[in-house]
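The values are calculated or read from the model by the stated rules, or taken from the named source; none is laboratory data. The shown structure was predicted, so the numbers you read here are calculated from the model rather than taken from an experiment. Positions of Cβ are generated from backbone atoms using ideal geometry, with glycine treated the same way; all protein chains shown enter the neighbour counts. Keep in mind that these areas ignore ligands, DNA and RNA; they rest on the heavy atoms of the full protein, side chains included. Shrake-Rupley method; radii C 1.70, N 1.55, O 1.52, S 1.80 Å.
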Amino acid sequence: MADVDDGATVTGPPGSRWTTQRWFASVLVAMVVLVLAGAVVGAQALSRTATVSNHLSDRVSPARTAVVEFGAALVTQEIGVRGYLLSGQRQFLEPYQQGIADEQAAVARIRQLLSTEPLASAGLADAEEQARRWRTTVADPLIARHQDGAAPAPMTAVMQSKIAFDAVRASVAVLDGRLIEIRQDGRAALDQSRQVRNGVFVFLAAVLLAFLVLIAVLLRVVVLRPLIQLSRAVRRVAGGDFAHGLTPAGPADLARLGHDVEAMRRRLVDGLATSQRAREQLEQQQRELQRSNADLEQFAYVASHDLQEPLRKVASFCQLLQRRYADGLDERAQQYIGFAVDGASRMQTLINDLLAFSRIGRVHKAVQPVDLNQTVAQAEESLALAIGESGGRIVRPTLPTVPGDATLLTMLWQNLIGNAIKFRRPGQPPLIHITADVDDGVWTFGVEDNGIGIDPEFAGKIFVIFQRLHPRDSYPGTGIGLALCKKIVEHHGGEIALDASYQQGARLVFTLAGAEPAGRSGEAPARESLTLTANE
């Protein structure tokens with residue numbers, strides 16, 4: 001494994017930088033402050049605009065209307081006086097009196113509306129004084145000189161009243177002119193307030209746009225660019241360049257993330273180095289295991305030929321000695337020769353069983369679809385003599401087809417059925433029942449009998465090679481049968497165990513992987529496959 005690159009060092013501790021959250025919080029705080037300031041200025045501009053607009057609409061415009069009414073009331077007075085002077089009739093004085101009342105009402109309203117306008121108030125006072133002076137010096141004396149029934153006044157008197165009233169009219173015009181100036185000033189102030197308001201809104205929009213641009217730039221420069229660099233480095237490491245060191249940059253939190261990724265890379269490099277060493281050790285062990293298997297193959301060859309040949313000679317010569325010198329040997333010598341022959345025979349059986357056990361998984365490696373009905377039938381055929389002598393009966397369903405080795409699976413059924421026949425109850429024919437169930441593609445098989453059974457205490461011991469639960473003189477065999485079954489089942493990826501809940505005898509359960517055959521739905525009905533008696 002290559003050495004780790006030193007490019008992961010970072011200038012300055014990550015804590016000395018601002019985090020992404022702090023960057024954006026600062027920008028947002030500045031934006032909020034500016035927006036609030038703009039909002040205050042805008043509120044003031046709106047308030048100023050509303051004040052000026054309200055002043056124009058609520059005071060100046062109604063005041064001009066009142067001035068018009070004031071002028072109309074004065075004109076009404078002048079017309080009444082002139083009509084009275086020209087006709088001498090008293091009824092023409094009614095408009096004069098009504099004009100005085102209208103004048104007073106208009107003056108009161110104008111004074112109320114223009115209370116905040118000193119120049120306009122002064123103009124109102126002047127117009128009011130001119131109107132009062134016209135009435136006291138001109139209108140009222142003329143009316144007093146011409147009573148009801150008197151002759152009409154000469155035109156000179158009428159012209160005198162008109163000339164005097166022109167001064168009043170002029171003062172009203174001055175008042176109206178001042179109101180026009182006030183209105184123009186108010187409109188100018190309103191336009192200015194609106195300009196300020198619009199400027200504030202444009203400024204706020206520009207500030208928001210600027211901050212959005214700033215956030216985008218900040219996001220790209222402070223966050224996205226370091227993140228893209230980090231992602232490129234991570235992809236390079238993920239692509240297999242584990243020696244490429246990461247260089248964290250950017251805000252503190254992103255730099256910490258980079259340091260964490262770099263630490264993970266270093267741990268990964270260390271793990272890969274350890275894995276490489278373990279793989280090398282495993283390869284070494286595999287080579288040693290291959291050599292050991294080769295030695296075991298050689299041992300199996302020697303055991304099947306070289307070791308069995310002396311045993312056959314020992315047994316043969318002992319039997320030859322027994323036949324040729326039988327008359328010269330006493331009973332004890334005959335017994336000794338029997339012991340020697342039996343020992344040699346049992347040694348040959350043990351060697352053959354051990355050889356078969358060692359070949360499982362090495363010699364039998366072919367995996368192909370195996371019809372278990374055929375393997376059971378072959379096992380039954382091999383055990384036909386034992387089944388017939390014991391009067392045994394085997395009941396089984398239609399079995400599935402599973403992937404495996406036909407020879408090993410036949411050996412499996414032969415050992416299980418043979419054990420059920422061997423360990424039967426005295427005086428009772430063995431009844432062997434085979435079951436098969438499938439669950440999620442895994443088949444579970446059971447082989448149960450009505451024999452002497454197995455104590456659950458020995459559920460693990462029975463699968464150990466050469467372990468026996470009964471004396472050799474009671475039940476023949478080497479004790480390798482169930483160990484052989486266990487190795488066959490495990491070679492096919494399954495498990496085998498004793499069903500401790502079964503009390504009518506012994507029940508062994510094992511599993512095999514395999515697809516359910518076409519046309520098979522659940523468990524097929526059981527059928528009696530073979531029944532043999534001693535006569536058969």
Odd one out for Ile454, checked against (1) assigned to a strand (DSSP E or B); (2) open to solvent by 10 Å² or more (accessible area, probe 1.4 Å); (3) touching a strand residue (DSSP E or B) at 6+ places or on another chain (Cβ under 7 Å); (4) of a type in the set (Val, Ile, Thr): (1)
Scanning region 171-222 for residues that are polar (S, T, N, Q) and within 60 Å of the chain's Cα centre (by Cα), the one least open to solvent (accessible area, probe 1.4 Å) turns out to be Ser193
From the option list Asp241, Asp270, single residue qualifying as open to solvent by 30 Å² or more (accessible area, probe 1.4 Å), free of Cβ contacts under 8 Å to residues at least 60 places away in the same chain and not in a helix (DSSP H, G or I) is Asp241
Under 6 Å between Cβ atoms, which residue pairs at least 6 apart in sequence (or on different chains) link something in region 65-81 that is within 18 Å of Ala120 (Cβ to Cβ) and open to solvent by 10 Å² or more (accessible area, probe 1.4 Å) with a partner that is of a type in the set (A, V, I, L, M) and assigned to a helix (DSSP H, G or I)? Glu69/Ala106; Gly71/Val172
Please work out which residue is surrounded by the most Cβ atoms within 10 Å (Cβ to Cβ), limiting yourself to region 395-413 and to residues that are within 19 Å of Leu482 (Cβ to Cβ) and of a type outside the set (S, T, N, Q). Leu412
Give the residue, chosen from Ala120, Ala153, Ala45, that is at pLDDT below 80, surrounded by 20 or more Cβ atoms within 10 Å (Cβ to Cβ) and closer than 30 Å to Phe201 by Cβ. Ala45
Restricting attention to region 423-451, the residues that are of a type in the set (Lys, Arg) and either closer than 16 Å to Phe510 by Cβ or crowded, with 19+ Cβ neighbours inside 10 Å (or both) number exactly 1
May I ask you to list pairs of residues, at least six apart or on different chains, whose Cβ atoms are under 6 Å apart, with the first in region 481-508 being among the small types (Gly, Ala, Ser) and the second being open to solvent by 60 Å² or more (accessible area, probe 1.4 Å)? Ala500/Pro456
Report yes if some residue within region 256-263 is open to solvent by less than 30 Å² (accessible area, probe 1.4 Å), closer than 20 Å to Trp23 by Cβ and in a loop (DSSP other than H, G, I, E, B); otherwise report no. no
Do we have Val67 as farther than 30 Å from Arg267 by Cβ, within 60 Å of the chain's Cα centre (by Cα) and at pLDDT 75 or above here? no
Residue match in region 12-31 (condition: open to solvent by less than 50 Å² (accessible area, probe 1.4 Å), at pLDDT below 80, among the polar types (S, T, N, Q) and assigned to a loop (DSSP other than H, G, I, E, B)): yes
Do we find a residue being within 30 Å of Ala243 (Cβ to Cβ), outside any loop (DSSP other than H, G, I, E, B) and modelled with pLDDT of 80 or more anywhere in region 288-295? no
Of the candidates Phe445, Phe458, Phe423, the one satisfying the condition of being among the aromatic types (Phe, Trp, Tyr) and modelled with pLDDT of 85 or more is Phe445
